[in-house]
Amino acid sequence: MTLAMAWIWTGMIVLSVIFGLINQTIADVGNAAMEGAAAAVELCISMGGMICLWSGVMAIMGRCGFTDALARLFRPLLCRLMPRACRDKETMAAVSANISCNLLGLGNAATPLGIQAARRMARGCGGVASNELCMLVVLNTASIQLLPTTVAGVRAACGSAAPFEIVPAVWLASVLSVAAGVLAARLLSRVIR
């Protein structure tokens with residue numbers, strides 16, 4: 001996948017240069033490349049600050065027991081969705097923490113937990129993803145977000161006066177995406193065995 005993306009980006013750059021040469025706008029292509037690079041660095045720095053802030057908030061919530069309480073709240077539902085993973089306490093803890101991080105909009109903090117849970121769930125699968133592992137991917141990808149901190153960070157970096165005004169739309173979209181994902185995973189698990 002990474003190699004394919006490298007070829008796509010390289011192709012886009014080469015085509016931009018070729019069309020810039022053909023249309024005699026190569027100076028504009030160069031200026032756009034420099035402006036885009038500067039904007040990317042600016043966005044990364046502002047996003048880094050937002051990620052640090054919310055990761056710190058997540059660490060504080062973890063120390064005061066809030067994330068554990070949130071994970072306990074989800075365990076009954078997760079046990080119904082992933083009964084085999086529920087038998088392994090460490091796997092269930094990683095899944096619960098992953099969902100808690102995603103719920104709080106901390107996708108970057110959720111990723112290592114999701115990878116840890118996926119590795120534990122993949123043991124003994126013989127190289128083929130189990131239905132429960134597929135469900136984990138669905139829940140991780142289409143997660144419900146109460147606080148869309150990453151998107152709000154991007155909006156704030158781009159000059160939005162109210163970066164969190166998107167919260168109701170994010171709630172609706174994320175609930176619908178999780179419902180559709182879980183339904184599709186359940187239906188496909190019955191069809192493909």
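Here are the numbers for this structure:
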item: Rounded D (µm²/s) - segment 82-155, Kirkwood Rh over Cα pairs, Stokes-Einstein at 37 °C, 0.692 mPa s; result: 261
item: Length-normalised contact order for the chain - Cα pairs under 8 Å, 6+ apart - percent; result: 18
item: Distance between segment 115-130 and segment 1-46 - C-alpha centres, whole angstrom; result: 38
item: Calculated Rg and Dmax of segment 25-109 using C-alpha coordinates, Å; result: 19.9, 63
item: Taking N as its residue count, the alpha carbon Rg of segment 108-193 over 2.2 N^0.38 Å; result: 1.35
item: Projected label distance in nm at L77 and I192, using a 7 Å step from Cα toward the beta-carbon; result: 2.5
item: 222 nm mean residue ellipticity, helices alone, for the chain (DSSP H n ≥ 4; -39,500 (n - 2.57); rounded to 500); result: -27000 deg cm²/dmol
item: In Å, descending, principal axis extents of the Cα set of the chain; result: 65, 41, 27
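The numbers here are math on the coordinates, done by the rules we state, and not lab data. Keep in mind it's a predicted model, so treat the numbers as computed, not measured. Neighbour counts run over all protein chains shown; Cβ positions are idealised from the backbone, glycine included.
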